[in-house]
Structure formats: C-alpha cells, structure tokens
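J.: Attaching a single structure in structure tokens format; questions to follow.
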Amino acid sequence: MSYRSCCKSVPYFERAITLDLYDISAHNNLSSYFLRLGFFSKAIIHYEYALFLQPDQSTRDNLIRALLMLGNLYHGQDQLGDATDCYKRVLSLQPDHIEALIQSGVIALVGGDLDEANQSCRCAVGLSESVPIHDVLSAGNQFHNQGRILESIACFIMAIFLYPGSPDLYNYLGSKLASIGYHNQAVKCYEQSLRLRTDSVTYNRLGASMHHLPGRMQEAGDCFQKAVDLQPDYFQGYNNLGFSLAAQGRTPEAASAFAVVLQMDSSESARAIYNLMQCQVL
C-alpha cells in the first residue's frame, strides 16, 4: 500500500475508535498503518490497547515488532536509554527474544558493563560460560557466514568479555556494528581498540564511521590523516582522506591527497578524481 493510501486510511480507523473504544480490529488496523508510516510510538499505543482488550499471539507479535523497530531507531541515533526501554519491553513480552537480547548486549558493552553484555549475548545464542573462546569465535564466524550478523556480533561481545584487552576483537566488532549502520557504537569500539593499540587500519575505520555521523566530519578527516601518518603507503587511507577533505570544501588539500593516490594507483578512476579536484582548484 502506498504512503498516500496509508495516510487516507488513518482518519477512518481513528473515527472508528472514537465511536467504539473497544474496537480491537480498529486498534490493530490503525497500528499497522502507523507502523507503515513510521509512527512507531503511535503504533505501539494502539497495539498495547488491543493486547489489553484481547491477549492473542498475533497482536503480541505485532507489538514486539513495533517495539523493536522503535528501539532500533533509537539505537541507531545513539539514544541508548530510550532504546534500552524498548528492548526491555520486548523482553517482558518474550524473555528469549534473540534480537532484543543482543541489542541490549551491545548497549551494555558500549556503556562499559561487560558482565551484562556477556550475559545478554549468551542467553541469545545459547552458549554456556564454560565454552572456550576458540569455540565462541568459531560460532561467531559460522553465524557470519550464514548471514546472521546479530548472532555473530553476540559471539564477539562474549569473546571481549573473556579477553577485554584484545584490540583486534574491538576492531572486528566495530566493523560488524558499522556494517548494520550502528556507527556511533562502532566508533566507541574503534576508540577502545586504539586505546589498547595504535594502528593505521583502526584509524581509517574510525574515520569512516565518523564520516557517517552529523558534525564529525572534521574528526573523520583527522583520523584519516593519522592513518596515513602512521603508514605513509596506505592507499585506502589517502583515498579516504581526499574524499573527506573534499567534503569539507578543502579542495587544494584534497587534490594533494589524491595526487599521492595517483602515485600508488594510476587507474582511470583515481586519475579522473584527481583531475576533477585540480580543475576545482584552478
């Protein structure tokens, strides 16, 4: 159904509810339209009312879906308190809900509560405390190969609990979080990795995640600069630095970065970017 059709349908069901507050069908239908329109909080209100009137599994599942969508929206915007509230409400309805458990584990990890993060993730994937780290990592890789990214993330959180001093685990977890759009959380993982060990690849990844966040463009550029300072032959670092500088309007500096790229890679795409930047300088 189109956005316009949804908008047209909402007043009809709102009117039905004003005529009969106990119309379960109207509450459910209104919630489904609010969900399609992205009004998650409104959808939750009416699903909760419908569930109160008639506690059935279908309405419960719809309420869980709406709570997850709102929680994930908050999570992606780094509103972790609001996200946690949504996930807790999901778990009150379904204590073994895998996604809510893992998302809660991610929030606990970036908040510094490794015990809580580990417990949530172990409940989600069903691994006991006695499972050794190589089996935890093996499970994480298997989940990754199956396209089950959240379960893979859970395994690497458990691995961090076992080896909190490993920069590689934080780095890998950061890349996983970035792959599902959680750049704020990825940034925190990369920053922890850098506290444990300084390296060019992590600075490059940190810059890439910062590049996606509002108001952090300058910091992203600084990270790319640190990456190439640490590794002067780092092709990808110079490439990202060039794009970052160009996005900031620092065209001459961007052209200089792309000039270094050209020395390492004479492909037509790199040359075209460099020529374009040079023209803008002139």
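J.: In nm, what is the difference between 0.36 nm times the number of residues separating residue 60 and residue 212 and their Cα-Cα distance?
T.: 51.2 nm
J.: Follow-up. For the chain, what is the relative contact order in percent, using Cα pairs closer than 8 Å and at least 6 residues apart in sequence?
T.: Relative contact order comes out at 8 percent.
J.: Net charge around residue 64, counting only other residues with Cβ within less than 10 Å of its Cβ (Lys, Arg = +1; Asp, Glu = -1)?
T.: Combined, the nearby Lys, Arg, Asp and Glu give +1.
J.: Report P(r) for the chain: all Cα-Cα distances, bin width 10 Å, range 0 to the bin holding the largest distance, values in whole percent.
T.: 7, 22, 23, 20, 17, 8, 2, 0
J.: I would also like to ask the following. With the Cα gyration tensor of region 55-149 giving a ≥ b ≥ c as the square roots of its eigenvalues, does the rule (a/c under 1.5 for rounded; else a/b larger than b/c for prolate; else oblate) give rounded, prolate or oblate?
T.: prolate
J.: Return a whole-number percent for the relative contact order of region 1-113, with Cα pairs under 8 Å and 6 or more residues apart as the contact set.
T.: 16 percent
J.: Related question: Pairs 88/176; 42/188; 8/176: which are spaced more than 29 Å apart, C-alpha to C-alpha?
T.: 42/188; 8/176
J.: Also, quick follow-up: Which part of region 218-250 falls in the paramagnetic zone of residue 265, meaning amide N under 11 Å from the point 7 Å along Cα-to-beta-carbon?
T.: The answer is 235-240.
J.: Another question about this same structure. Compute the acute angle (0 to 90°) between the alpha-carbon long axis of helix 57-76 and the principal axis of greatest extent of the alpha-carbon atoms of the chain; round to the nearest 10°.
T.: The angle comes out near 30 degrees.
J.: Given the peptides 50-57, 193-200, arrange them by the average over their residues of other C-beta atoms within 10 Å, most packed first.
T.: 193-200, 50-57
J.: Moving to a separate point now. Taking 0.36 nm per residue of separation and subtracting the Cα-Cα distance, what length does fully extending residue 17 through residue 113 add?
T.: 30.2 nm
J.: Sort 222, 115 so that the residue with the fewest other Cβ atoms within 10 Å of its own Cβ comes first and the one with the most comes last.
T.: In increasing order of surrounding Cβ atoms, one gets 115, 222.
J.: Further question on the same structure: Mean separation of Cα pairs under 8 Å and 6+ residues apart, divided by the residue count of region 61-151: what relative contact order is that in percent?
T.: 19 percent
J.: Also, I was wondering about something else. Under a point spin-label approximation (7 Å from Cα along Cα-to-Cβ), what is the residue 149-residue 179 distance to one decimal in nm?
T.: Taking the simple label geometry, residue 149 and residue 179 are separated by 0.7 nm.
J.: Relative to the longest principal Cα axis of the chain, at what angle does helix 217-230 sit, 0 to 90 degrees, rounded to 10?
T.: 40 degrees
J.: In degrees from 0 to 90, rounded to the nearest 10, what is the angle of the helix 200-211 Cα long axis to the longest principal axis of the chain?
T.: Compared with the principal axis, the helix lies near 50 degrees.
J.: Report, in deg cm²/dmol and to the nearest 500, the calculated mean residue ellipticity at 222 nm for the chain, where each DSSP H run with n ≥ 4 adds -39500 (n - 2.57) and the sum is divided by the residue count.
T.: Result for the chain: -26000 deg cm²/dmol, rounded to the nearest 500.
Rule-based calculations on the coordinates, nothing more; no lab input. None of the values given here were measured: they were computed from a predicted structure. Don't worry about glycine lacking a Cβ; one is built from the backbone with ideal geometry, like all the others, and counts go over all protein chains shown.
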